[in-house]
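Reviewing the structure listed below.
The values are calculated or read from the model by the stated rules, or taken from the named source; none is laboratory data. Just so you know, these numbers come straight off a predicted model, no measurement behind them. Every residue, glycine among them, receives a Cβ derived from its backbone with ideal geometry; neighbour counts consider all protein chains shown.
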Amino acid sequence: MAKLKCDPFSGGEPLPPGSTIGIIGGGQLGRMIAIAARQMGYRVAVLDPDPDSPGAQVADRVVEASYNDRDGARDLARISDVMTYEFENVDADAVEAAMEITPLFPSGSVLRTTQNRVLEKAALKRHGLPAADYRAIESEAQYLAALSEIGGPWVLKTATSGYDGKGQRVIREPDGGKAYRELKDHSPALILERFVPFRLELSVVCARDRSGKMLTFPASENIHTDGVLDTSIVPARVEPRVAERAADLARSVAEAIDVTGLIAVEMFLTGDDELLINELAPRPHNSGHYTIDACRTSQFEQLARVLCGLPMGSVEMARPAVMVNLLGDVWTETGGKPDWAAALAVPGTSLHLYGKGEARPGRKMGHITALADTVEIALDGATLARDLAWRRRSARAGTPVL
Ligand code: AMP
């Protein structure tokens, strides 16, 4: 396909529908970006090693290549008019190779910063943005010194390739180097952070267009289980000034690291109502999936609009929403047959499945969103719907469902 000459990023015309958005990564995020883009009449090309990946299933074209394959990234660039990536553990060199051919957002420098926890924390510090005290760790001696410099308890994390709580150890007492020795084989570069005794976790997805205009989606209150997001409650059950401060922080991050596209900012709220930034993700975020059903514009459509140089859409939320993730356990514990009819009989719920072939415990397979007049009713609805699908007794509703 001939490359379109218009460039929405130099103040020119938006990319017209029919143009191709290239996505590096064909997981669920790539799939949901693709669905939003196709709804607006754009074509989608996905790079993924699996020709039947969730993203590939809904794409016009698929480049079968690994995420660190520079030639693959260039092939994707040649058939795309604009590009993005759906997760930050893609190879930054491959992304920069693609950027030489086709505009790609968020930029390679945003990717390099956010794919390394040490660089990410250093950027936050440089810009005066609040985060837990930390030290970069590259040796056992540095680890032992950092344990005495930062007050405990602590969390030791791999600097790169960590997500969903993987590659992390909580350390309650000085351990003589044990946690360091356990993690150093995963990654020689580690980060030791103070463990934050948070009251709750919040996240805000901020969209920023090429002109620097920003819109933030309502803050989500997030509950994690074993380091993996389980439930997102929106609006977060915090005072309006806390939600406003969270939105301010997300905008400050987007400006500080110069994001074009989306940035998801995860934060801790402490007992003293202090917000500390935990992690950044330069892409749609699991805690923003509620926007598909609850907001005038979803996070995925917003990204597609920014990529194509279109005006951003309203982030207004119609009703309170709760999203619960569906992990592979829902399949493995029901003999591969979750009861979707029972789940969807719960008023106000919608089901999103990602088309993944194999259900493994802990694997994100889909989510359910419930909308209601209050977050409490939405929380009951989403939780009950998942329990019904799971064919298990609902803890929240207190009724046996088998
Ligand atoms: P992460 O992969 O950094 O997002 O961490 C996954 C989850 O681990 C977070 O959502 C928190 O629940 C927990 N966690 C990570 N870092 C810390 C910290 N410094 N203090 C307390 N809990 C943490």
Considering only residues that are farther than 20 Å from Pro103 by Cα and surrounded by fewer than 24 Cβ atoms within 10 Å (Cβ to Cβ), which ones fall in segment 45-64? Pro49, Asp50, Pro51, Asp52, Gln57, Val58, Glu64
Has segment 157-172 got any residue that is over 25 Å from the mean Cα position of the chain (by Cα) and more than 9 Å from the ligand (Cβ to nearest atom)? yes
Candidates Pro188, Pro174, Pro235, filtered to the one that is exposed (fewer than 15 other Cβ atoms within 10 Å of the Cβ), touching a residue at least 12 places away in the same chain (Cβ under 8 Å) and in contact with an Asp or Glu (Cβ under 9 Å, 6 or more places away or on another chain): Pro188
Would you tally the residues in segment 124-166 being in a helix (DSSP H, G or I) and buried (at least 21 other Cβ atoms within 10 Å of the Cβ)? 4
The residue from Asp258, Asp273, Asp226 that alone is at positive phi, more than 14 Å from the chain's Cα centre (by Cα) and either within 15 Å of the ligand (Cβ to nearest atom) or not assigned by TED's automatic domain parsing to the domain that holds Asp209 (or both) is Asp226
State all residues of segment 277-310 that are in contact with a helix residue (DSSP H, G or I) (Cβ under 7 Å, 6 or more places away or on another chain) and either aromatic (Phe, Trp, Tyr) or surrounded by fewer than 19 Cβ atoms within 10 Å (Cβ to Cβ) (or both); if no residue qualifies, say none. Phe300
Failed condition for Arg38, given (1) at pLDDT 95 or above; (2) closer than 18 Å to Leu262 by Cα, with all others met? (2)
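When you scan segment 295-402 for strands (runs of 3 or more DSSP E) that lie fully inside it, which ones turn up with 2 or more residues that are of a type in the set (S, T, N, Q)? If you could, list the steps in order and put the result at the bottom.
Working: elements: 321-327, 349-353, 364-371.
Hits in segment 295-402: 349-353.
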Residues that are within 14 Å of the ligand (Cβ to nearest atom) and touching a helix residue (DSSP H, G or I) at 6+ places or on another chain (Cβ under 6 Å), drawn from segment 138-156: Leu156
Identify, by number, the condition in (1) buried (at least 19 other Cβ atoms within 10 Å of the Cβ); (2) free of Cβ contacts under 8 Å to residues at least 24 places away in the same chain; (3) hydroxyl-bearing (Ser, Thr, Tyr) that Thr225 doesn't meet. (1)
Look through segment 174-214, keep the residues that are within 16 Å of the ligand (Cβ to nearest atom) and among the polar types (S, T, N, Q), and return whichever of them is nearest to the chain's Cα centre (by Cα). Ser203
So, first residue within 16 Å of Met312 (Cα to Cα) in segment 251-264, second residue in a helix (DSSP H, G or I) and of a type in the set (Phe, Trp, Tyr), Cβ within less than 8 Å, six or more apart or across chains; the pairs are Thr260/Phe9
Is at least one residue of segment 202-213 crowded, with 18+ Cβ neighbours inside 10 Å, over 24 Å from Gly366 (Cα atoms) and in the same structural domain as Met365 (by TED's automatic domain parsing)? yes
Kindly list the number of the only condition in (1) of a type outside the set (Val, Ile, Thr); (2) at pLDDT 95 or above; (3) in the same structural domain as Asp48 (by TED's automatic domain parsing); (4) surrounded by 17 or more Cβ atoms within 10 Å (Cβ to Cβ) that fails for Glu96. (2)
Among the residues of segment 81-93, what is the count of those that are of a type outside the set (A, V, I, L, M), within 15 Å of Val259 (Cα to Cα) and at pLDDT 95 or above? 3
Just wondering, is there one or more residues in segment 117-137 that are within 30 Å of Pro54 (Cβ to Cβ) and not charged (D, E, K, R)? yes
Matching residues in segment 19-45 (touching a Gly at 6+ places or on another chain (Cβ under 8 Å) and more than 28 Å from Gly328 (Cα to Cα)) number 3
